[in-house]
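Undergrad: One structure, as structure tokens, below. Some questions next.
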Amino acid sequence: MKPFAYTRAGNQQAALQAIVQNGAKFLAGGTNLIDLMKDNVEQPARLVDINRLELTQIVEREGGLRLGALAKNSDTANHRLVRERYPLISQAILAGASPQLRNAATNGGNLMQRTRCYYFYDVAMPCNKRQPGSGCGALEGFSRIHAIFGASQQCIATHPSDMCVALAALDAVVRVEGPQGARTIPFADFHRLPGDTPQIDTNLRRDELITAIDVPASAAKFSTNSYYLKVRDRASYAFALVSVAAALDISNGTIREARVALGGVAHKPWRATKAEQILNGQRADEATFRRAAEAAMQGAQRTEHNRFKIELGRRAIVRALTIAANNGRLV
Ligand SMILES: Cc1cc2nc3c(=O)[nH]c(=O)nc-3n(C[C@H](O)[C@H](O)[C@H](O)COP(=O)(O)OP(=O)(O)OC[C@H]3O[C@@H](n4cnc5c(N)ncnc54)[C@H](O)[C@@H]3O)c2cc1C
Ligand code: SF4
């Protein structure tokens, strides 16, 4: 590991001042960043430890919830109001990592975690995300875990977060603070597609701090009929091959509004808007769910190794919607 300087910020202003230094990075739970430093993938000149900032609270706001950027993933998943109003978020967080990791990992860090592409972690291999212009190991190599939507000739990596898939489905908003003051970023605009600049994962500026994530009051209407389904190689401690955040607002068997977001398929949480259009206003039954799943997978682009994700995705969508329609109970 390369030597680095360390600053423990006592407040937000000090954190924003310290991050201005070239090569400085915020340190939250450290569960991703420290691993990347040990592997020499990340080589920050300075770590700005933000764990003393007062950003750990989960509070009600305008009928919705504000999730502090430094609230631990486990505290968020187990919070009474999150479980009652947004069980999709609880389920998604609890589907990820392990209890020990969730106790250390923070909400802000979860949004900013980097891809799990094998070649990104292996500094002996080319990777445009780690070293722009060096090539893409996955395009020439083994691409079983890689993207089927929104990829580019530069990068076919996927975003690894579970929590972010639920937040995308519920139209959360990311609150950030920077030298120019505070601003908000709609969740759909927070993560980026790779395009020609796969080294840039998000639209957060380098000198900006995530302070909180707002979940809107309106998303609580999905509390009864939602489900997060994660399909992976092992039952725990594994990232999604495909995941589905399904949320339905159902009245008398008819879907008033649907939200479907997919994980493990793109460089960002992928909203299946065509599927949502098919679901809206229709009966909540298997035939509708199958049509929605078909629509969701239209335009998927597979590699030699990840073609299985298309059929897996269809089946996972039908299953997630079926369970969501059944009040979130397994059928
Ligand atoms: C073995 C293993 C298995 C895992 N499995 C899963 C899984 O199945 N599903 C899943 O979703 N996740 C999984 N994770 C990832 C885990 O959820 C993330 O590592 C964690 O959420 C990162 O949070 P952190 O606080 O530790 O971030 P850190 O490691 O401290 O930081 C990560 C990045 O976020 C930046 N950052 C942190 N906080 C802020 C902030 N407030 N503002 C701006 N930038 C910030 C840091 O600068 C850094 O670049 C796994 C991790 C491990 C090690
Ligand atoms: S898919 Fe992206 S992260 Fe993986 S090797 Fe290619 S450029 Fe790097």
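Undergrad: Which of the residues that make up segment 29-75 are among the charged types (D, E, K, R) and over 19 Å from residue 174 (Cα atoms)?
TA: 35, 38, 39, 42, 46, 49, 52
Undergrad: Another one. Within the group 315, 290, 256, 329, which residue is surrounded by fewer than 18 Cβ atoms within 10 Å (Cβ to Cβ), basic (Lys, Arg) and part of a loop (DSSP other than H, G, I, E, B)? Quick ask: steps written out before the conclusion?
TA: Values: 315 fails: part of a loop (DSSP other than H, G, I, E, B); 290 fails: part of a loop (DSSP other than H, G, I, E, B); 256 fails: part of a loop (DSSP other than H, G, I, E, B).
After ruling out the rest, the residue left standing is 329.
Undergrad: Among the residues of segment 173-193, is any of a type outside the set (Val, Ile, Thr) and within 13 Å of ligand 2 (Cβ to nearest atom)?
TA: Yes.
Undergrad: Which of the helices (runs of 4 or more DSSP H) contained wholly in segment 88-183 include at least 3 residues that are crowded, with 19+ Cβ neighbours inside 10 Å and among the basic types (Lys, Arg)?
TA: none
Each row is one residue, and each column tells you yes or no for (1) within 11 Å of ligand 2 (Cβ to nearest atom); (2) aromatic (Phe, Trp, Tyr); (3) touching a residue at least 40 places away in the same chain (Cβ under 8 Å).
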{"residue": "96", "(1), (2), (3)": "no, no, yes"}
{"residue": "99", "(1), (2), (3)": "no, no, no"}
{"residue": "110", "(1), (2), (3)": "no, no, yes"}
{"residue": "118", "(1), (2), (3)": "yes, yes, no"}
{"residue": "124", "(1), (2), (3)": "no, no, no"}
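Since every read-out is calculated from the coordinates, none of them should be taken as a lab result. Note that the coordinates shown come from a computational prediction; the quantities given were computed from them, not determined experimentally. Note that we place each Cβ from the backbone using ideal geometry, even for glycine, and neighbour counts take in every protein chain shown.
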